[in-house]
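Here the structure is laid out as C-alpha coordinates; the discussion comes afterwards.
The values are calculated or read from the model by the stated rules, or taken from the named source; none is laboratory data. Fair warning: this is a prediction, and the values are worked out from it, not measured in the lab. Note: ideal-geometry Cβ built from the backbone for every residue, glycine included; neighbour counts use all protein chains shown. The area values use the complete protein model at the heavy-atom level, side chains included, leaving out ligands, DNA and RNA. Shrake-Rupley method; radii C 1.70, N 1.55, O 1.52, S 1.80 Å.
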Amino acid sequence: MALLELSDVTVHYGRIRALSSVSLSVAEGEVVTLIGANGAGKTTTMRAISGILPLSSGRILFDGRDISRLRADLRVVRGICQAPEGRGVFPGMTVRENLEMGCYTRKDRKNVAADFERVFALFPRLAERRDQAGGTLSGGEQQMVAIGRALMARPRLLLLDEPSMGLAPRFIQQIFHIITEINEQGTTVLLVEQNARQALSRAHRAHVLETGSIVRSGTGAELLADPSVKEAYLGVA
Ligand code: ATP
(Lines give C-alpha, C1' and ligand atoms only; values in the text may rest on other atoms or scores of the structure.)
Protein backbone atom coordinates (compact mmCIF):
# COMPACT_ATOMS: atom_id res chain seq x y z
CA MET A 1 0.00 0.00 0.00
CA ALA A 2 1.24 3.48 -0.84
CA LEU A 3 1.86 5.94 2.00
CA LEU A 4 0.48 8.76 -0.15
CA GLU A 5 -1.82 8.37 -3.11
CA LEU A 6 -3.31 11.11 -5.27
CA SER A 7 -6.07 10.00 -7.64
CA ASP A 8 -7.32 12.34 -10.36
CA VAL A 9 -6.60 15.45 -8.32
CA THR A 10 -7.83 18.66 -9.93
CA VAL A 11 -7.24 22.07 -8.34
CA HIS A 12 -8.38 25.53 -9.40
CA TYR A 13 -7.39 29.05 -8.44
CA GLY A 14 -10.70 30.75 -9.07
CA ARG A 15 -11.45 29.87 -12.67
CA ILE A 16 -7.87 28.92 -13.52
CA ARG A 17 -7.25 25.19 -13.51
CA ALA A 18 -3.77 24.63 -12.05
CA LEU A 19 -3.87 20.81 -11.78
CA SER A 20 -5.75 18.46 -14.09
CA SER A 21 -6.39 14.91 -12.93
CA VAL A 22 -3.02 14.35 -11.30
CA SER A 23 -2.45 10.80 -10.05
CA LEU A 24 0.70 9.74 -8.26
CA SER A 25 1.79 7.65 -5.34
CA VAL A 26 4.63 7.64 -2.85
CA ALA A 27 5.54 4.41 -1.10
CA GLU A 28 6.89 4.32 2.44
CA GLY A 29 10.65 4.83 2.37
CA GLU A 30 10.84 6.40 -1.08
CA VAL A 31 12.14 9.69 -2.38
CA VAL A 32 9.79 10.77 -5.17
CA THR A 33 10.46 13.93 -7.11
CA LEU A 34 8.29 16.21 -9.23
CA ILE A 35 10.02 18.21 -11.88
CA GLY A 36 8.59 20.74 -14.31
CA ALA A 37 8.94 24.25 -15.65
CA ASN A 38 7.80 27.40 -13.86
CA GLY A 39 4.05 27.37 -13.47
CA ALA A 40 3.69 23.64 -14.21
CA GLY A 41 1.85 23.07 -10.93
CA LYS A 42 4.52 21.67 -8.63
CA THR A 43 3.86 24.00 -5.73
CA THR A 44 0.12 23.60 -6.23
CA THR A 45 0.51 19.82 -5.90
CA MET A 46 2.36 20.28 -2.60
CA ARG A 47 -0.28 22.68 -1.31
CA ALA A 48 -3.03 20.26 -2.20
CA ILE A 49 -1.24 17.51 -0.25
CA SER A 50 -0.56 19.69 2.80
CA GLY A 51 -4.18 20.89 2.76
CA ILE A 52 -3.63 24.58 2.06
CA LEU A 53 -5.64 24.34 -1.16
CA PRO A 54 -8.96 22.55 -1.57
CA LEU A 55 -9.43 19.96 -4.31
CA SER A 56 -11.97 20.65 -7.03
CA SER A 57 -12.18 16.91 -7.59
CA GLY A 58 -10.20 13.76 -6.98
CA ARG A 59 -8.94 12.14 -3.83
CA ILE A 60 -5.87 12.01 -1.59
CA LEU A 61 -5.19 8.98 0.60
CA PHE A 62 -2.57 8.99 3.33
CA ASP A 63 -1.75 5.70 4.98
CA GLY A 64 -4.89 4.29 3.41
CA ARG A 65 -7.21 6.96 4.82
CA ASP A 66 -8.96 9.65 2.82
CA ILE A 67 -7.53 13.06 3.82
CA SER A 68 -9.01 14.99 0.88
CA ARG A 69 -11.07 17.20 3.17
CA LEU A 70 -8.97 17.04 6.31
CA ARG A 71 -7.78 20.38 7.74
CA ALA A 72 -4.12 21.23 7.13
CA ASP A 73 -3.18 21.20 10.82
CA LEU A 74 -4.69 17.73 11.24
CA ARG A 75 -2.63 16.48 8.29
CA VAL A 76 0.47 17.61 10.22
CA VAL A 77 -0.73 15.55 13.18
CA ARG A 78 -1.08 12.53 10.85
CA GLY A 79 2.55 12.99 9.84
CA ILE A 80 2.65 15.17 6.72
CA CYS A 81 5.01 18.07 7.12
CA GLN A 82 6.09 20.69 4.63
CA ALA A 83 9.24 22.78 4.48
CA PRO A 84 7.79 25.56 2.33
CA GLU A 85 9.24 27.30 -0.70
CA GLY A 86 10.47 30.69 0.45
CA ARG A 87 11.61 29.24 3.76
CA GLY A 88 9.51 31.22 6.24
CA VAL A 89 12.15 31.51 8.94
CA PHE A 90 11.13 33.84 11.78
CA PRO A 91 13.81 36.57 11.64
CA GLY A 92 13.60 37.71 15.28
CA MET A 93 13.77 34.23 16.76
CA THR A 94 16.94 32.23 17.30
CA VAL A 95 17.73 29.09 15.35
CA ARG A 96 16.70 27.02 18.37
CA GLU A 97 13.39 28.88 18.74
CA ASN A 98 12.72 28.51 15.03
CA LEU A 99 13.28 24.76 15.29
CA GLU A 100 10.99 24.57 18.32
CA MET A 101 8.17 25.95 16.18
CA GLY A 102 8.32 22.69 14.24
CA CYS A 103 7.14 20.54 17.10
CA TYR A 104 4.06 22.42 18.22
CA THR A 105 1.91 19.34 17.87
CA ARG A 106 4.25 17.25 20.01
CA LYS A 107 3.11 16.07 23.38
CA ASP A 108 6.14 13.95 24.21
CA ARG A 109 8.43 16.74 25.34
CA LYS A 110 11.13 14.31 26.40
CA ASN A 111 11.82 13.31 22.80
CA VAL A 112 12.18 16.91 21.71
CA ALA A 113 15.73 17.09 23.08
CA ALA A 114 16.66 14.03 21.02
CA ASP A 115 15.15 15.66 17.94
CA PHE A 116 17.25 18.79 18.45
CA GLU A 117 20.29 16.55 18.55
CA ARG A 118 19.23 14.77 15.37
CA VAL A 119 18.71 18.07 13.53
CA PHE A 120 21.99 19.48 14.83
CA ALA A 121 23.79 16.29 13.78
CA LEU A 122 22.37 16.64 10.25
CA PHE A 123 23.17 20.37 10.18
CA PRO A 124 26.31 21.05 12.25
CA ARG A 125 26.19 24.62 10.95
CA LEU A 126 22.92 25.17 12.76
CA ALA A 127 24.36 23.72 15.96
CA GLU A 128 27.09 26.36 15.83
CA ARG A 129 24.49 29.05 15.27
CA ARG A 130 21.76 27.85 17.62
CA ASP A 131 21.53 31.17 19.47
CA GLN A 132 21.81 33.37 16.38
CA ALA A 133 18.74 35.24 15.09
CA GLY A 134 17.08 33.61 12.07
CA GLY A 135 17.13 36.89 10.15
CA THR A 136 20.92 37.05 10.21
CA LEU A 137 21.44 33.63 8.62
CA SER A 138 22.50 33.15 5.02
CA GLY A 139 19.99 31.81 2.50
CA GLY A 140 21.46 28.33 2.71
CA GLU A 141 21.34 28.35 6.49
CA GLN A 142 17.71 29.52 6.46
CA GLN A 143 16.90 26.63 4.16
CA MET A 144 18.52 24.29 6.66
CA VAL A 145 16.34 25.78 9.41
CA ALA A 146 13.21 25.27 7.31
CA ILE A 147 14.06 21.60 6.72
CA GLY A 148 15.17 21.11 10.31
CA ARG A 149 11.94 22.63 11.57
CA ALA A 150 9.88 20.24 9.46
CA LEU A 151 11.92 17.33 10.83
CA MET A 152 11.20 18.36 14.42
CA ALA A 153 7.63 17.18 13.93
CA ARG A 154 9.00 13.69 13.05
CA PRO A 155 7.01 13.51 9.84
CA ARG A 156 6.23 10.26 8.09
CA LEU A 157 6.15 12.24 4.86
CA LEU A 158 8.39 15.26 4.35
CA LEU A 159 7.32 17.64 1.59
CA LEU A 160 10.21 19.72 0.26
CA ASP A 161 9.43 22.54 -2.14
CA GLU A 162 12.50 23.74 -4.04
CA PRO A 163 15.01 23.24 -1.24
CA SER A 164 17.91 24.24 -3.51
CA MET A 165 16.34 27.48 -4.72
CA GLY A 166 18.66 30.46 -4.61
CA LEU A 167 21.49 28.55 -2.96
CA ALA A 168 25.20 28.72 -3.74
CA PRO A 169 26.48 25.55 -5.47
CA ARG A 170 28.23 24.15 -2.40
CA PHE A 171 25.01 24.49 -0.38
CA ILE A 172 23.02 22.82 -3.17
CA GLN A 173 25.23 19.72 -2.96
CA GLN A 174 24.93 19.73 0.80
CA ILE A 175 21.13 20.04 0.82
CA PHE A 176 20.73 17.12 -1.61
CA HIS A 177 23.13 15.05 0.43
CA ILE A 178 21.11 15.78 3.57
CA ILE A 179 17.85 14.85 1.82
CA THR A 180 19.33 11.43 1.04
CA GLU A 181 20.48 11.10 4.64
CA ILE A 182 17.04 12.03 6.02
CA ASN A 183 15.50 9.43 3.73
CA GLU A 184 17.99 6.78 4.81
CA GLN A 185 17.01 7.49 8.41
CA GLY A 186 13.48 6.40 7.52
CA THR A 187 11.58 9.50 6.38
CA THR A 188 9.64 9.32 3.12
CA VAL A 189 10.25 12.38 0.93
CA LEU A 190 8.30 14.11 -1.82
CA LEU A 191 10.61 16.63 -3.45
CA VAL A 192 9.78 19.43 -5.87
CA GLU A 193 12.78 20.75 -7.73
CA GLN A 194 13.90 22.96 -10.58
CA ASN A 195 17.31 21.37 -10.27
CA ALA A 196 16.17 18.33 -12.23
CA ARG A 197 19.47 16.55 -12.64
CA GLN A 198 20.22 16.47 -8.91
CA ALA A 199 16.65 15.62 -7.97
CA LEU A 200 16.36 12.76 -10.48
CA SER A 201 19.68 11.30 -9.45
CA ARG A 202 18.52 11.18 -5.81
CA ALA A 203 14.96 9.97 -6.43
CA HIS A 204 13.62 6.43 -6.49
CA ARG A 205 10.81 7.56 -8.76
CA ALA A 206 9.89 10.77 -10.52
CA HIS A 207 7.13 12.53 -12.41
CA VAL A 208 7.25 15.34 -14.94
CA LEU A 209 4.50 17.97 -14.67
CA GLU A 210 3.53 20.13 -17.63
CA THR A 211 0.74 22.68 -17.41
CA GLY A 212 -0.96 20.87 -14.57
CA SER A 213 -0.69 17.30 -15.86
CA ILE A 214 1.77 14.47 -15.36
CA VAL A 215 3.27 13.77 -18.77
CA ARG A 216 6.01 11.31 -17.83
CA SER A 217 6.79 9.00 -14.94
CA GLY A 218 9.54 6.53 -14.20
CA THR A 219 12.47 5.79 -11.98
CA GLY A 220 14.90 8.64 -11.48
CA ALA A 221 17.40 6.83 -13.69
CA GLU A 222 14.83 6.28 -16.46
CA LEU A 223 13.91 9.94 -16.60
CA LEU A 224 17.56 11.01 -16.50
CA ALA A 225 18.07 8.91 -19.64
CA ASP A 226 14.84 9.99 -21.38
CA PRO A 227 15.66 12.10 -24.47
CA SER A 228 12.70 14.46 -24.07
CA VAL A 229 13.50 15.01 -20.38
CA LYS A 230 17.12 15.60 -21.27
CA GLU A 231 16.21 18.19 -23.83
CA ALA A 232 13.58 20.03 -21.80
CA TYR A 233 14.95 19.83 -18.25
CA LEU A 234 18.59 18.79 -18.27
CA GLY A 235 19.89 21.23 -20.83
CA VAL A 236 21.27 18.61 -23.23
CA ALA A 237 19.95 17.85 -26.68
P1 ATP B 1 7.19 27.59 -9.90
O2 ATP B 1 8.36 26.72 -10.07
O3 ATP B 1 7.25 28.83 -10.74
O4 ATP B 1 6.81 27.84 -8.48
P5 ATP B 1 5.08 25.62 -10.08
O6 ATP B 1 5.27 24.44 -10.97
O7 ATP B 1 5.27 25.42 -8.63
O8 ATP B 1 5.98 26.79 -10.59
P9 ATP B 1 2.47 26.57 -9.40
O10 ATP B 1 2.97 27.65 -8.49
O11 ATP B 1 1.92 25.35 -8.81
O12 ATP B 1 3.64 26.16 -10.39
O13 ATP B 1 1.43 27.23 -10.40
C14 ATP B 1 0.61 26.47 -11.30
C15 ATP B 1 -0.31 27.42 -12.05
O16 ATP B 1 -1.24 28.02 -11.15
C17 ATP B 1 0.41 28.57 -12.73
O18 ATP B 1 -0.21 28.78 -13.98
C19 ATP B 1 0.18 29.74 -11.82
O20 ATP B 1 0.15 30.94 -12.53
C21 ATP B 1 -1.16 29.43 -11.22
N22 ATP B 1 -1.25 29.98 -9.85
C23 ATP B 1 -0.44 29.70 -8.81
N24 ATP B 1 -0.83 30.34 -7.70
C25 ATP B 1 -1.91 31.08 -8.04
C26 ATP B 1 -2.78 31.96 -7.34
N27 ATP B 1 -2.61 32.22 -6.05
N28 ATP B 1 -3.79 32.53 -8.04
C29 ATP B 1 -3.97 32.25 -9.35
N30 ATP B 1 -3.21 31.43 -10.06
C31 ATP B 1 -2.19 30.83 -9.42
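Some points to look at:
- With both residues required to sit in the stretch 155-237, DSSP beta bridges show an antiparallel share near 55%.
- Apportionment of accessible area to carbon and sulfur, the stretch 70-221, percent (1.4 Å): 52
- Rounded to the nearest 0.05, the FRET efficiency derived from the C-beta distance between VAL77 and ALA133 at R0 = 35 Å is 0.75.
- DSSP beta bridges confined to the chain are antiparallel in about 50 percent of cases.
- The stretch 57-188, accessible area per residue, ligands and nucleic acids excluded (1.4 Å, Å²): 46
- At a probe radius of 1.4 angstrom, the accessible area of the stretch 1-42 per residue rounds to 44 square angstrom.
- Sulfur and carbon atoms: percent of accessible area, the stretch 9-53 [1.4 Å]: 48
- For the chain, adding -39500 (n - 2.57) for each run of n ≥ 4 DSSP H residues and dividing by the number of residues yields -11000 deg cm²/dmol at 222 nm.
- For the stretch 175-205 versus the stretch 1-63, the gap between their alpha-carbon centres in whole angstrom: 18
- Nitroxide proxy distance, nm - points 7 Å out along Cα→Cβ at ALA121 and SER228: 4.4
- Take the Cβ atoms of ASN111 and SER25, set R0 to 22 Å, and the FRET efficiency comes out at 0.15.
- On Cα atoms only, tilt of 169-184 relative to the major axis of the chain in degrees: 90
- Simple Cβ-charge dipole of the stretch 165-237, Lys/Arg +1 and Asp/Glu -1, about Cα centre, in debye nearest 20: 100
- Loop-located trypsin sites (Lys or Arg not before Pro) in the stretch 1-89 whose Cβ has at most 14 other Cβ within 10 Å (DSSP): ARG15, ARG69, ARG71
- Computed lengthening from ARG65 to MET1, 0.36 nm per intervening residue step minus Cα-Cα distance: 21.9 nm
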